[in-house]
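**Student:** This structure is in structure tokens; I'll ask about it shortly.
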Amino acid sequence: MQGKYKATFWLSVVLVALLLLVPALGSKYLVDLTTEIMIYALFALSLNVLIGYSGNISFGHAAYFAIGGYACAIFLTTYEWPLIISMPAAIVLAGLAAAFVGYFCIRLTDIYFSMLTLAFGMLVWAVAFKWRGVTGGDDGFVGVAVPEFIGDRYAFFYFTLTVVALSTGLLWLICHSAFGRTLVAVRENRMRASFVGVDTRRLRLTAFVVAGTFAGIAGSLFAMYNRGVYVESAFWTESGQVLIMTLLGGLYSFFGPALGAAVLYTLQVGINQYTEYWPVVLGTILLIIIMFLPNGLVGLAQKISAQFSRRT
Amino acid sequence: MALLEVDNIRTAYGLSKVLFGISLTVEPGEVVALVGRNGVGKTTTMRSIMGLAPPQQGSVRWMDREITRLPVYHVAKLGIGYVPEDRRIFPELTVWENLDIARLPPIGGAKGDGWSEEQVFELFPDLKDIQSRKGGVLSGGQQQMLTIARSLMGNPKLLLLDEPSEGLAPIIVETLRDRIHLLKTGGLSIILAEQNLEFVLYLSDRIHILEKGAIQYTGTPADLRANPDIQSKYLTL
């Protein structure tokens, strides 16, 4: 067990080192793409705390991404707060919103839980859409006052890498703590977990807040990266997209969703250059995952390596 | 004062009534058995005590405190461990992790008091060697041991064991019986629902025979042994 964790640690170090080298390749496009992927990877990882670990499927996860984004943008620009206050405040706000919504949602399970997250998600979208004076409505909140020291493309890349790496590390620790194990127990059998004295509602609420908070981190990065936040970020299709990223990578592995985010986002950007029918491709991908890859790409890799080791 | 007092509970699932006034008590260190054929209300009695199927009437008192309508996790935290019949462990967690998540300090004790993994492994040595294996790959006997071991990690004062011997090979049943006996001599109170009469006669202090949701007979193992009529009336198929 310890050996397995050690391997994960060193692989992560190698990955971060490789990412540090990306700007050296000299492609601005690649730097931008990698920045976007890292943000989406964190977004997908945050959702997986809820889906993979606690077994609660949320259709409204974009709400916390958007709240983090809008809040960070508004604090930085409208209130002219420094980044060191704006970003943490935005993250806390996303977490508080998740606590509020979670308080109601965790009373329900399965599809009812999912539908309520969708309803709250769309409520956040409606507020962003209608509250023109604060959010800019359907014009979006443009011209985010990004601090100068991360104003440059490369500086922002390193900033994102640092924030995402630290957040991922923190998420990893949370998921591999007693809390994470208890979440898995609740996912596998809510009743049985309560027999051993687990307050399953409180635990699911905590998972909801953790997921929302980290989505808020991703959202605030996204707002600064784009120098704007748009109401689409809160729309249910955004929740759907991050759900598909998580599914594509693999629910039952910690890093799966990050891989799913990388693959799906790269495909989306690539395919959008040739055709406007990206949703058709997205639908096909979803179909393939559900029919053939229930455990996503990570599950596929495990299956292949198991086959391989059996043969040799 | 009895540890647990169940007073005239009536429990129904929707419209179908299952328990028609069950009363029983458990003293500290006592093993009380519930026997009877399938569907007489043994499991429902346990579920009512645990809060999974709260009774419509009657009361459950635990250490002189009303627990009739408390949520399940709360009852568990008060020191009642439940090992249900289907003994499903958490298949994706390892044996050690299965134990780890159930850790609760004993009532009135501090963190670190009570059962440790080492002590649990001493009682169930088979589990020690497979502690890093996932629960889902264990045999039925190992899963049963793990479920009981896991309940112990919560330091219960009372253990509800629902048909622990069901579906296990005779040799495993014997091992299990001896382990449960060890727990009994350690002072743990147990309510045991069982169909295996030998198992019950060996372990219990008092036996309640249930039929149609009510207690029809109460006696010691010696009474029951001496009374083949009762045995054939309520227990043989």
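**Student:** Would you confirm, using the coordinates I've provided, whether A:Glu238 is surrounded by 13 or more Cβ atoms within 10 Å (Cβ to Cβ), touching a residue at least 12 places away in the same chain (Cβ under 8 Å) and charged (D, E, K, R)?
**Tutor:** yes
**Student:** Scanning the stretch B:111-162 for residues that are in contact with a Ser or Thr (Cβ under 8 Å, 6 or more places away or on another chain) and under 12 Å from B:Val83 (Cα atoms), which turns out surrounded by the most Cβ atoms within 10 Å (Cβ to Cβ)?
**Tutor:** Only one residue fits best here, namely B:Leu159.
**Student:** Identify, from the list B:Leu161, B:Leu146, the residue that is within 14 Å of another protein chain (Cβ to nearest Cβ) and touching a residue at least 60 places away in the same chain (Cβ under 8 Å).
**Tutor:** Checking each option against the conditions leaves just B:Leu161.
**Student:** Within the bounds of the stretch B:57-74, is there any residue that is of a type in the set (A, V, I, L, M), touching a residue at least 60 places away in the same chain (Cβ under 8 Å) and at the interface with another protein chain (Cβ under 9 Å from one of its Cβ atoms)?
**Tutor:** no
Residues are listed down the side, and each one gets a yes or a no for (1) under 21 Å from the mean Cα position of the chain (by Cα); (2) in a helix (DSSP H, G or I):
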| residue | (1), (2) |
| --- | --- |
| B:Pro106 | yes, no |
| B:Gly109 | no, no |
| B:Leu146 | yes, yes |
| B:Ala149 | yes, yes |
| B:Leu152 | yes, yes |
| B:Leu160 | yes, no |
| B:Glu166 | yes, no |
| B:Ile172 | yes, yes |
| B:Arg177 | yes, yes |
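**Student:** For A:Ser177, only one of the following conditions fails: (1) among the small types (Gly, Ala, Ser); (2) surrounded by fewer than 18 Cβ atoms within 10 Å (Cβ to Cβ); (3) more than 9 Å from chain B (Cβ to nearest Cβ); (4) in contact with a helix residue (DSSP H, G or I) (Cβ under 9 Å, 6 or more places away or on another chain). What is its number?
**Tutor:** Evaluating A:Ser177 over (1) among the small types (Gly, Ala, Ser); (2) surrounded by fewer than 18 Cβ atoms within 10 Å (Cβ to Cβ); (3) more than 9 Å from chain B (Cβ to nearest Cβ); (4) in contact with a helix residue (DSSP H, G or I) (Cβ under 9 Å, 6 or more places away or on another chain) leaves (4) as the failure.
**Student:** Looking only at residues that are in contact with a helix residue (DSSP H, G or I) (Cβ under 6 Å, 6 or more places away or on another chain) and among the aromatic types (Phe, Trp, Tyr) in the stretch A:71-108, which one is nearest to A:Gly55 (Cα to Cα)?
**Tutor:** Among those that are in contact with a helix residue (DSSP H, G or I) (Cβ under 6 Å, 6 or more places away or on another chain) and among the aromatic types (Phe, Trp, Tyr), it is A:Phe75.
**Student:** What helices (runs of 4 or more DSSP H) completely inside the stretch A:1-112 contain at least 2 residues that are over 27 Å from A:Gly137 (Cα atoms) and of a type in the set (Val, Ile, Thr)?
**Tutor:** A:2-21, A:28-48
**Student:** Let me ask something else. Only one of these conditions is not met by A:Gly26: (1) at pLDDT below 95; (2) of a type outside the set (A, V, I, L, M); (3) crowded, with 24+ Cβ neighbours inside 10 Å. Which number is it?
**Tutor:** Here A:Gly26 clears every test but (3).
**Student:** For the stretch B:83-118, which residues satisfy the criterion of being more than 14 Å from chain A (Cβ to nearest Cβ) and touching a helix residue (DSSP H, G or I) at 6+ places or on another chain (Cβ under 8 Å)?
**Tutor:** None - no residue of the stretch B:83-118 is more than 14 Å from chain A (Cβ to nearest Cβ) and touching a helix residue (DSSP H, G or I) at 6+ places or on another chain (Cβ under 8 Å), so the list stays empty.
**Student:** Among the residues that make up the stretch A:190-197, is at least one of them within 14 Å of chain B (Cβ to nearest Cβ) and not in a helix (DSSP H, G or I)?
**Tutor:** Within the stretch A:190-197, one or more residues are within 14 Å of chain B (Cβ to nearest Cβ) and not in a helix (DSSP H, G or I).
**Student:** From A:Gly228, A:Gly299, grab the single residue that is under 27 Å from A:Gly143 (Cα atoms), in contact with a Gly (Cβ under 7 Å, 6 or more places away or on another chain), of a type in the set (Gly, Ala, Ser) and surrounded by fewer than 22 Cβ atoms within 10 Å (Cβ to Cβ).
**Tutor:** Only one candidate qualifies: A:Gly228.
**Student:** Which one of these does A:Val198 not meet: (1) surrounded by fewer than 19 Cβ atoms within 10 Å (Cβ to Cβ); (2) in contact (Cβ under 8 Å) with a residue 12 or more places away in the chain; (3) more than 23 Å from the chain's Cα centre (by Cα)?
**Tutor:** Just one mismatch for A:Val198, condition (1).
**Student:** Say whether the condition of being farther than 30 Å from A:Thr200 by Cα and under 19 Å from the mean Cα position of the chain (by Cα) is met by at least one residue in the stretch A:130-149.
**Tutor:** Scanning the stretch A:130-149 turns up no residue that is farther than 30 Å from A:Thr200 by Cα and under 19 Å from the mean Cα position of the chain (by Cα).
**Student:** In the stretch A:198-222, what residues are of a type outside the set (D, E, K, R) and within 8 Å of another protein chain (Cβ to nearest Cβ)?
**Tutor:** Correct list: A:Val198, A:Thr200.
**Student:** For the stretch A:153-161, check the following and say yes or no: at least one residue is within 17 Å of the chain's Cα centre (by Cα) and either within 10 Å of chain B (Cβ to nearest Cβ) or touching a residue at least 60 places away in the same chain (Cβ under 8 Å) (or both).
**Tutor:** Taking every residue of the stretch A:153-161 in turn, at least one turns out to be within 17 Å of the chain's Cα centre (by Cα) and either within 10 Å of chain B (Cβ to nearest Cβ) or touching a residue at least 60 places away in the same chain (Cβ under 8 Å) (or both).
**Student:** Before we move on, is A:Gly133 part of a helix (DSSP H, G or I) and either at pLDDT 95 or above or under 23 Å from A:Thr237 (Cβ atoms) (or both)?
**Tutor:** no
The values are calculated or read from the model by the stated rules, or taken from the named source; none is laboratory data. Here the structure is a predicted model, which means the values were calculated and not measured. Methodologically, a virtual Cβ is constructed for each residue, glycine included, from the backbone with ideal geometry; neighbour enumeration extends over all protein chains shown.
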